[in-house]
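Take a look at the structure below.
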């Protein structure tokens, strides 16, 4: 949400069966990277299906500020890039609003250049730690000026000759891995990133697609080593962005929970590093049919048919976290309607998202009558399959803390609970899913502004 915007409370009420076919906006992770690499590559890049949420558009503005020429013709975004190594010094601070992905990846992309780059964000983003990205940049010789706790605003200045590093990720993080690799594009020699567990691999796939010299090796224990040869030539590409699985999660879970529902969500990204939610829900008994699986632009894509299902609680292993890190809030909502207890472990990363998502989810569930327990890095939810007693007859508002995924998750909850569920603000949903309200209403969901 943009700073200063008025809040927009919203309410969701118990609905009858959802039905129809809905197209999900383009994948957020791929959209960010397409704009960055398109803005850096030589020649023209054309992007169809770009997610036109505030977060992604702020990344586009940042690339424009560093020399890329970006325009939209019809439904296609056209970028004329600067050429690798030829970004220009931005004349103004780069404002990323609420986007941690945009800020962290651009830190890597621009931070190693021998000029000053200042990055800012809204109140929520300015509370989130950036040290995991800044630490490897410091090792490359980047000068960093920031506030206490390595938070925004941040000023970066690269050395005359940045040094390649061999960096082992202390925790599994696609953002840190990507920032280091993007920095390596403008560093002579080979930059190496070692990750103990696989995370989203869109950066590696897209770098290779744009022509970077890159290799990926995995050992028997699952450790992956990514090597990037710096200062190579990147060439503009044609990209068709598939539907975002993190956005698909909301109509998907809604259809599972609302009796009589039967919906189709076409063209969803099914990259194995992003399908943890579908795997978990199927283990809980969800009727999710994967139709027409195919490859599109090097990525796995499929259509999903989702029908109302009776769910049963499960234990979700900690090693699944990287493949569904953004979906835990809506999974917790699904668990609130499952038979028995669902336990989710390894969730410490949720404490440093747009909000402290672990506490925010637990507080919202308790406010709406759900039995749940919260630990330092875990959440336990005991469900009520019929939704009896759930929601809040007096409509006490769930505090969203400027977090779009919290807002959407609790609106989904209200569609299946006995009583309505209200959220204190829906305006920040535009950061990732501008069409959410209209899309859900088109399926028959009882959601409205308060």
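Restricting to strands (runs of 3 or more DSSP E) lying wholly in segment 248-346: which have 3 or more residues that are over 16 Å from the mean Cα position of the chain (by Cα) and under 18 Å from residue 379 (Cβ atoms)?
It comes to 341-345.
Residue-by-condition table, conditions (1) within 22 Å of residue 244 (Cα to Cα); (2) free of Cβ contacts under 8 Å to residues at least 60 places away in the same chain; (3) within 25 Å of the chain's Cα centre (by Cα):
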position	(1), (2), (3)
138	no, yes, no
147	no, yes, no
159	no, yes, no
162	no, yes, no
165	no, yes, no
169	no, yes, yes
177	yes, yes, yes
181	no, no, yes
209	yes, no, yes
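Quick one: in segment 188-201, which of the residues that are modelled with pLDDT of 95 or more and surrounded by 23 or more Cβ atoms within 10 Å (Cβ to Cβ) is nearest to residue 88 (Cα to Cα)?
191
Just to check your reading of the model, which residue among 369, 444, 389 is surrounded by fewer than 24 Cβ atoms within 10 Å (Cβ to Cβ), at positive phi and in contact with a strand residue (DSSP E or B) (Cβ under 7 Å, 6 or more places away or on another chain)?
On the way: 369 fails: in contact with a strand residue (DSSP E or B) (Cβ under 7 Å, 6 or more places away or on another chain); 389 fails: in contact with a strand residue (DSSP E or B) (Cβ under 7 Å, 6 or more places away or on another chain).
Sole residue among the options that is surrounded by fewer than 24 Cβ atoms within 10 Å (Cβ to Cβ), at positive phi and in contact with a strand residue (DSSP E or B) (Cβ under 7 Å, 6 or more places away or on another chain): 444.
Against the definition (touching a helix residue (DSSP H, G or I) at 6+ places or on another chain (Cβ under 7 Å), surrounded by 23 or more Cβ atoms within 10 Å (Cβ to Cβ) and either in contact (Cβ under 8 Å) with a residue 60 or more places away in the chain or within 27 Å of residue 75 (Cβ to Cβ) (or both)), how does residue 249 come out, yes or no?
yes
Given the residues 336, 430, which is the only one that is at pLDDT 95 or above, under 22 Å from residue 10 (Cβ atoms) and either surrounded by 18 or more Cβ atoms within 10 Å (Cβ to Cβ) or outside the structural domain of residue 21 (by TED's automatic domain parsing) (or both)?
Selected residue: 336, the only one of 336, 430 that is at pLDDT 95 or above, under 22 Å from residue 10 (Cβ atoms) and either surrounded by 18 or more Cβ atoms within 10 Å (Cβ to Cβ) or outside the structural domain of residue 21 (by TED's automatic domain parsing) (or both).
Limited to segment 102-123, what total is found for residues that are touching a helix residue (DSSP H, G or I) at 6+ places or on another chain (Cβ under 8 Å) and surrounded by fewer than 22 Cβ atoms within 10 Å (Cβ to Cβ)?
Summing the residues that are touching a helix residue (DSSP H, G or I) at 6+ places or on another chain (Cβ under 8 Å) and surrounded by fewer than 22 Cβ atoms within 10 Å (Cβ to Cβ) in segment 102-123 gives 1.
Could you list, in sequence order, all residues of segment 416-442 that are within 25 Å of residue 32 (Cα to Cα) and free of Cβ contacts under 8 Å to residues at least 24 places away in the same chain?
Within segment 416-442, just 438 meets the criteria.
From the residues in segment 127-140 that are surrounded by fewer than 17 Cβ atoms within 10 Å (Cβ to Cβ) and either out of contact with any helix residue (DSSP H, G or I) (no Cβ under 8 Å at 6 or more places or on another chain) or at pLDDT 95 or above (or both), which one is nearest to residue 164 (Cα to Cα)?
For segment 127-140, the residue satisfying everything is 139.
Please tell me if residue 381 is more than 22 Å from the chain's Cα centre (by Cα), in contact (Cβ under 8 Å) with a residue 60 or more places away in the chain and outside any helix (DSSP H, G or I).
In short, yes.
Among 416, 407, which is part of a loop (DSSP other than H, G, I, E, B) and surrounded by 24 or more Cβ atoms within 10 Å (Cβ to Cβ)?
That would be 416, the only listed residue that is part of a loop (DSSP other than H, G, I, E, B) and surrounded by 24 or more Cβ atoms within 10 Å (Cβ to Cβ).
In the set 65, 41, 34, which member is crowded, with 24+ Cβ neighbours inside 10 Å and more than 18 Å from residue 242 (Cα to Cα)? Walk me through it before giving the result.
On the way: 65 fails: crowded, with 24+ Cβ neighbours inside 10 Å; 34 fails: more than 18 Å from residue 242 (Cα to Cα).
Exactly one of 65, 41, 34 is crowded, with 24+ Cβ neighbours inside 10 Å and more than 18 Å from residue 242 (Cα to Cα), namely 41.
Would you mind telling me which numbered condition in (1) over 20 Å from the mean Cα position of the chain (by Cα); (2) under 27 Å from residue 52 (Cβ atoms); (3) assigned to a loop (DSSP other than H, G, I, E, B) residue 386 fails?
That leaves (2) as the condition not met.
So which of 103, 110 ends up being more than 19 Å from the chain's Cα centre (by Cα), part of a helix (DSSP H, G or I) and in contact (Cβ under 8 Å) with a residue 40 or more places away in the chain?
Of the residues listed, the single one that is more than 19 Å from the chain's Cα centre (by Cα), part of a helix (DSSP H, G or I) and in contact (Cβ under 8 Å) with a residue 40 or more places away in the chain is 110.
Is it true that residue 248 is at pLDDT 95 or above and within 24 Å of residue 352 (Cβ to Cβ)?
No; evaluated as a whole, the condition is false for this residue.
Tell me, yes or no, whether segment 54-63 has at least one residue that is more than 30 Å from residue 418 (Cα to Cα), touching a residue at least 60 places away in the same chain (Cβ under 8 Å) and within 16 Å of the chain's Cα centre (by Cα).
Checked against the condition, which is being more than 30 Å from residue 418 (Cα to Cα), touching a residue at least 60 places away in the same chain (Cβ under 8 Å) and within 16 Å of the chain's Cα centre (by Cα), segment 54-63 yields at least one hit.
The values are calculated or read from the model by the stated rules, or taken from the named source; none is laboratory data. What you see is a predicted model; the values in this text were computed from it and never measured. Virtual Cβ from ideal backbone geometry, glycine too; neighbours counted across all protein chains shown.
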